[in-house]
Amino acid sequence: MSTSPEDRAWMEVRADALIANARAVQASVGAGVRLIPMVKADAYGLGVERTVDALATLDPIAFGVATAEEGIALRARLPEARLIVVSPLPPAAAEPALRAGLEVGISNVEGLQAVVAAASALGTTARIHLEIDTGMGRAGFDWRQVDSWGPLLEGLDAGSVNWVGAYTHLHSADEDLATVEEQWGRFEDTLDRLTLPEDLLVHLLNSAGAMRVPRHGYGAVRPGIWLYGGLVGDEGLVPEPVASVHARVVHLKDAEPGDTVGYGATHRAGDRARWATVSIGYGDGLPRALGNRGRALLRGASVPIVGRISMDVTVVDCSGVPDVSVGDVVTFIGSAGEETITVDEVARLAGTISYEVLTGFTPRLPRIWTGFDG
Ligand SMILES: *Cc1c(COP(=O)(O)O)cnc(C)c1O
C-alpha cells in the first residue's frame, strides 16, 4: 500500500482561487480582450493538467507554453485547443511542434526557415506568431530593422505558413510603467509598417501589464504569475493565494543551551529550546536560502527556521508553542489561523522571485487540488 499524499509534505492548490485570479485579469482588460493563460513549466509548478481544466471555464482563446514538449503533452489533453509556443524553438523541435498542431512563435529568420522547412516536409501549414523585440532583447525580430525583415513575412508562401499572430514581451511592467509605454510605442510603430493579415491576433501584456496598463490589451493578453498568486509590482493589487505548502512534524527535540542543529552547526540554542523537525527540505523545492532566515506556521504561531535546510527535513524552533506533537501540520506558504506567509514573502527572503519559488517545487511534493470538481 502506498502512502497518502498528506502523510509527509504536499502542495495544496486552490482551483477556485486560480479561477478568481483569471477573472480579475479578464475584468481588468475588459470582455473584448481574450486570455492566453501561460501554463509553461507545468503551470508554474502547480500542475498543468488541472490548471487547464480549471481555466477552461473562462474560455481562453489559447494556452501559452514555452517548449514543444510542453505543447505536445498538453495536446493529448486538449485535442482541439489553440496552443502557442512563445519561446524560440530549437530548429529540431519545429517538426514535432507542427505535427502536434502547435502554433509557434517566430523570433528570427532561422526560426522562420526551420518552420517553413518542417511545414513543407509534413505537407502542413504552420500557424505562426511573429515575435517583435521591442526591448526585452532576448528574442524576436528587432523593431528597428522592420524594413529588412518585414518583406520576408509579407512574402510568405501561404501554403506552408499562415501568419496568425504578432506579439512582444514586456521587460519591466512590474517595476517601471514608463518602459511599458516605450515598448508599446515601438510595437505600434512596427505593426504600422507591416501589411498585417486580417484577423491577426495581437498580444502584448503579461500579468503585470494586464493588471496595471490594461489599455494596451489588443486582442489577447498572456497572464502567468498573477493567475498562480504572485504579485505584479503594485501594492494595491493582490491576487488570491493559490498554492500553499505544508509538511508534518516528524521529530521533537528538547535542546540544551549550546546545542547546535543541522549541517554546519549554523544555529546554536542560547537557552533551552524546543526544536521540531519537519518533513520537507530543498529536495522538495523548499528554498535552501530560507535556512536561518525563513519562518513557518505551527499551531497558529509563527516559528523561525533554524539551521540550514537539509534535502529532506527542515527544523523550526517551536519553543513556547503549546502542545506541539509529532504529526502536526506545518505551513511554509499559506495561511494558518491569523497568520499568512505568501509566496512573495518566501521569494524575498530567499533572494529570488515568486516564479522561481513556485517552479522550484519538485515532483516529490504531491499537488493536491481543491475547490473544483470539473
Ligand atoms: C512567461 C511569459 C508570460 C507570462 O508572464 P507573467 O509575468 O508570468 O505574467 C507572457 N509572455 C511570455 C512570452 C512569457 O514567456
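The rows are residues; the columns are (1) among the basic types (Lys, Arg); (2) in contact with a Lys or Arg (Cβ under 6 Å, 6 or more places away or on another chain); (3) within 16 Å of the ligand (Cβ to nearest atom).
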position	(1), (2), (3)
Arg288	yes, no, no
Gly294	no, no, no
Leu297	no, no, no
Val306	no, no, no
Thr340	no, no, no
Leu358	no, no, yes
Thr362	no, no, no
Trp369	no, yes, no
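In this structure, is Gly233 within 16 Å of the ligand (Cβ to nearest atom), at pLDDT 95 or above and on the phi > 0 side of the Ramachandran plot? Walk me through how you get there before you give the answer.
Numbers: within 16 Å of the ligand (Cβ to nearest atom): yes; at pLDDT 95 or above: yes; on the phi > 0 side of the Ramachandran plot: yes.
The answer is yes for Gly233.
Scan segment 18-31 and tell me whether some residue there is in a loop (DSSP other than H, G, I, E, B), over 21 Å from Leu122 (Cβ atoms) and open to solvent by less than 20 Å² (accessible area, probe 1.4 Å).
Within segment 18-31, not a single residue is in a loop (DSSP other than H, G, I, E, B), over 21 Å from Leu122 (Cβ atoms) and open to solvent by less than 20 Å² (accessible area, probe 1.4 Å).
Of the residues in segment 309-325, how many are out of contact with any Pro (no Cβ under 9 Å at 6 or more places or on another chain) and either over 22 Å from Met11 (Cβ atoms) or at pLDDT below 95 (or both)?
8
Answer yes if at least one residue in segment 118-126 is closer than 13 Å to Leu191 by Cα and either surrounded by fewer than 14 Cβ atoms within 10 Å (Cβ to Cβ) or of a type in the set (A, V, I, L, M, F, W, C) (or both), and no otherwise.
No: zero hits.
Suppose the filter is surrounded by 16 or more Cβ atoms within 10 Å (Cβ to Cβ), over 24 Å from Thr362 (Cβ atoms), more than 16 Å from the ligand (Cβ to nearest atom) and free of Cβ contacts under 8 Å to residues at least 60 places away in the same chain; does Ala255 pass it?
Yes: the conditions hold for Ala255.
Being touching a residue at least 24 places away in the same chain (Cβ under 8 Å) and farther than 21 Å from Arg14 by Cβ is the filter; apply it to segment 342-352 and report the residue that is farthest from the ligand (Cβ to nearest atom).
It comes out as Leu349.
Regarding Leu365, is this residue under 16 Å from Asp284 (Cα atoms), more than 16 Å from the chain's Cα centre (by Cα), of a type in the set (A, V, I, L, M) and not in a strand (DSSP E or B)?
Yes.
Kindly evaluate Arg82 against the criterion of being within 22 Å of Leu35 (Cβ to Cβ) and modelled with pLDDT of 95 or more.
On the way: within 22 Å of Leu35 (Cβ to Cβ): yes; modelled with pLDDT of 95 or more: yes.
It is true that Arg82 is within 22 Å of Leu35 (Cβ to Cβ) and modelled with pLDDT of 95 or more.
Quick check on Pro60: is it out of contact with any Phe, Trp or Tyr (no Cβ under 6 Å at 6 or more places or on another chain), assigned to a loop (DSSP other than H, G, I, E, B) and modelled with pLDDT of 95 or more?
yes
Which of the residues belonging to segment 286-300 are open to solvent by less than 30 Å² (accessible area, probe 1.4 Å) and in contact with a Pro (Cβ under 9 Å, 6 or more places away or on another chain)?
Gly294, Ala296 - these are the residues of segment 286-300 that are open to solvent by less than 30 Å² (accessible area, probe 1.4 Å) and in contact with a Pro (Cβ under 9 Å, 6 or more places away or on another chain).
What residue, among those in segment 211-229 that are more than 7 Å from the ligand (Cβ to nearest atom) and more than 13 Å from Tyr167 (Cβ to Cβ), is surrounded by the fewest Cβ atoms within 10 Å (Cβ to Cβ)?
Arg215
So that you can scan it fast, the table gives a plain yes or no per residue for (1) under 14 Å from Val146 (Cα atoms); (2) more than 13 Å from the ligand (Cβ to nearest atom); (3) open to solvent by less than 20 Å² (accessible area, probe 1.4 Å); (4) part of a helix (DSSP H, G or I):
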position: Glu175; (1), (2), (3), (4): no, no, no, no
position: Ala178; (1), (2), (3), (4): no, yes, no, yes
position: Gln183; (1), (2), (3), (4): no, no, yes, yes
position: Leu194; (1), (2), (3), (4): yes, yes, yes, no
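Considering only residues of segment 140-173 that are within 16 Å of the ligand (Cβ to nearest atom) and in contact with a helix residue (DSSP H, G or I) (Cβ under 8 Å, 6 or more places away or on another chain), which is most open to solvent (accessible area, probe 1.4 Å)?
So the residue we want is His171.
The values are calculated or read from the model by the stated rules, or taken from the named source; none is laboratory data. A quick note: this is a predicted structure, and the numbers were derived from the prediction, not measured. Positions of Cβ are generated from backbone atoms using ideal geometry, with glycine treated the same way; all protein chains shown enter the neighbour counts. Calculation scope for accessible area: heavy atoms of the full protein, side chains included, ligands and nucleic acids excluded. Shrake-Rupley method; radii C 1.70, N 1.55, O 1.52, S 1.80 Å.
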